[in-house]
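Data first, discussion second: the structure below is written as structure tokens.
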Amino acid sequence: MEGVEIFDSPGKGRGLRATKEFWAGDVIFTEQSISSVCFDGHAERICHSCFRRQDKLQRCGQCKFAHYCDRTCQRAGWAEHKQECGAIKAYGKTPNESVRLVARIMWRLDKEGSKVSDMQLTTLDELEDHLADMPEDELKDLKVDIHNFLDYWPRKSKQHTIDDVSHLFGVINCNGFTVSDQRGLQAVGVGLFPSLCLVNHDCWPNCTVILNHGNQSAVNTLFHSQQRIELRALGKITEGEELTVAYVDYLNLSKERQRMLKLQYYFDCTCDHCKNRTKDDIKMGGREVDGVKPTEEQVKEASDFCFEMLGKMDAARLKGDYHEVVKICREAIKKAEPVLADTHIYLIRLWSMMSEVQAYLQYNDDAAEYSRKMVEGYLKIYPQNHAGLGMAAMRAGVNHWQAGEIEIGHGMVCKAYAILMVTHGPLHPITKDLEEMRMQTEMELRMFKENEFVYHSMREAALKNRPMTMLNEPKSVEDNIKNLFHRRK
Ligand SMILES: [Zn+2]
Ligand SMILES: [Zn+2]
Ligand SMILES: [Zn+2]
């Protein structure tokens, strides 16, 4: 592979470093998964070949488990599904996602050898399984999976030792990559990308990884491109520099990030941002009004209150009681805003939830106001080119457009577009959506400046057609894709 090499990263084990210079938005490498599977809970809602979410899917007539968009997807997925199909039929039921993934990987490696492509930088044998670091209860779950795997694995397939099977379960436990739907908005499955596993974590990384579903509309199976990940440079990377991605969301405090990393990936983060607790103060800070800061006690009290309210809101959201969510949220914001800094992470979460629910309920002015506050908070916390910041700016852009605030809306859409060109690239479906929004809002803005009356009547017509709706059901914080790798439950 050109541009990168494996090296011994001090204190981290194996890592990847650049052998040439990269710039923001450069694709450092792309990789297809060795295999990926959809989550148990999504088996009937997404295509097992291209992982698109679809309303109508066709079921595999043999196993009745696999679902596909159409014949093209079914044919494209057959090589991977063939043995699985027979095994599910013989087993009489469908094993869970971990067992299915390990089996698919095994079948593939048995057929093609330990390296399935020249681009693959490492074999799976060389990857860490961290079995020795696993706590007792996790090991117990793992043993249940292994037991089920042995029942499920056909006798006519090549037989493997328990150690080999356990190793693979350990590898996918800490390296299974979260696969999202085609728009990158929902986690729908898990896959293994071996070269990506070599990229170490940093809380303030120089790369990002994005899943691109490629061209799925091609009718010919040959051109029906596989999903693949892209490792993209977030800024200038010099020759010899280690390549890093963030495994957990930077929005968390350093202590929380370290706890999460230890729990899932079994290491202690010693990055500069953790060592110096960078930005922890503003993420938990008080609001200064006319040179006067609230006391530590006041900040703590408001923080605790927000935290409690966030829990209540999530419960109400789960019940689908969105008016209750708004009520709790409004009360919490009223109490917290005068005390907490506009970078306080709980306050930002309140704004985020408020804007999402109000957009869903079509209170567009509220949705616009709170999404703007959220973006302004993110801007002070996240690095300049951060996918989460880009997506938030996109949301805010749509909310402002819907509220008729075309100038701010257009500005937000442009901001989002600039970020996503780096983090997602020009070919990603979301970037393409943004490009369209950018052109539309630009045209509207021009109209608005020329003739406000004409603009408003045109906008009313446009709103009726709703070309830019993003009225997804509001998600809970947990549903958002914040973890790069999938945590086994
Ligand atoms: Zn499909
Ligand atoms: Zn089948
Ligand atoms: Zn760190």
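Just a few scattered comments:
- For region 127-153, filtering for residues that are loosely packed, with under 14 Cβ neighbours inside 10 Å and either not assigned by TED's automatic domain parsing to the domain that holds residue 87 or not in a helix (DSSP H, G or I) (or both) leaves 1.
- Of 74, 54, 83, 58, all but one fail to be in the same structural domain as residue 212 (by TED's automatic domain parsing), in contact with an Asp or Glu (Cβ under 7 Å, 6 or more places away or on another chain) and over 29 Å from residue 385 (Cβ atoms); the exception is 58.
- Residues of region 22-72 that are in contact (Cβ under 8 Å) with a residue 24 or more places away in the chain, within 16 Å of ligand 1 (Cβ to nearest atom) and among the aliphatic types (A, V, I, L, M): 37, 43, 46.
- Within region 7-27, tally of residues that are within 28 Å of residue 113 (Cβ to Cβ) and within 19 Å of the chain's Cα centre (by Cα): 1
- The condition of being in contact with a helix residue (DSSP H, G or I) (Cβ under 7 Å, 6 or more places away or on another chain) and either in a loop (DSSP other than H, G, I, E, B) or among the basic types (Lys, Arg) (or both) does not hold for residue 170.
- For region 254-277, residues that are part of a loop (DSSP other than H, G, I, E, B), surrounded by fewer than 17 Cβ atoms within 10 Å (Cβ to Cβ), out of contact with any Cys (no Cβ under 8 Å at 6 or more places or on another chain) and of a type outside the set (Asp, Glu) total 3.
- Check on residue 81, over 13 Å from residue 149 (Cβ atoms) and away from ligand 2 (no atom under 14 Å from the Cβ): no
- Residue list for region 38-91, filter: assigned to a loop (DSSP other than H, G, I, E, B) and among the charged types (D, E, K, R): 44, 45, 52, 55, 56, 64, 70
- Test: residue in region 23-35 that is in contact with an Asp or Glu (Cβ under 7 Å, 6 or more places away or on another chain), buried (at least 18 other Cβ atoms within 10 Å of the Cβ), assigned by TED's automatic domain parsing to the domain that holds residue 232 and modelled with pLDDT under 95: yes
- The residues of region 108-126 include none that are free of Cβ contacts under 8 Å to residues at least 12 places away in the same chain, surrounded by 14 or more Cβ atoms within 10 Å (Cβ to Cβ) and within 16 Å of residue 158 (Cβ to Cβ).
- Test: residue in region 86-93 that is assigned by TED's automatic domain parsing to the domain that holds residue 181, in contact with a Gly (Cβ under 7 Å, 6 or more places away or on another chain), away from ligand 3 (no atom under 16 Å from the Cβ) and not small (Gly, Ala, Ser): no
The values are calculated or read from the model by the stated rules, or taken from the named source; none is laboratory data. Not measured: the values here are computed from a predicted model. Backbone-built Cβ (ideal geometry, glycine too); neighbour counts: all protein chains shown.
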